[in-house]
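Input: a single structure, listed below in structure tokens.
Just so you know, all these numbers are worked out from the coordinates, no wet-lab data involved. Keep in mind the model is a prediction, meaning the values are calculated, not measured. Heads up, the Cβs are rebuilt from the backbone with ideal geometry, glycines too, and the neighbour counts pull from every protein chain shown.
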């Protein structure tokens, strides 16, 4: 199974939209609420020039920050997660 991890926050509209999109296209993922996980929040900041961009999505090692649905789908297809 492909590894997709979504780092975000429950209150964040962009995080909610990304999770909804992944559900709609049938991609399994792990969700990490960075408000509840300090290590995950630091990981996000390290990948975004010190900023907590939500969502930050790791698709098999490729990190996307606040991607559009089209950008996310492009990487999912490139990694053969989405056909």
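Out of curiosity, is residue 22 buried (at least 16 other Cβ atoms within 10 Å of the Cβ), touching a residue at least 60 places away in the same chain (Cβ under 8 Å) and touching a strand residue (DSSP E or B) at 6+ places or on another chain (Cβ under 9 Å)? Here the answer is no, as residue 22 does not meet what is asked. The set of residues in region 3-19 being part of a helix (DSSP H, G or I), touching a strand residue (DSSP E or B) at 6+ places or on another chain (Cβ under 9 Å) and within 11 Å of residue 54 (Cα to Cα) consists of 14, 15, 16, 18.
Taken over region 28-82, the criterion of being over 18 Å from residue 14 (Cβ atoms), touching a strand residue (DSSP E or B) at 6+ places or on another chain (Cβ under 9 Å), touching a residue at least 24 places away in the same chain (Cβ under 8 Å) and loosely packed, with under 14 Cβ neighbours inside 10 Å is satisfied by 28 alone.
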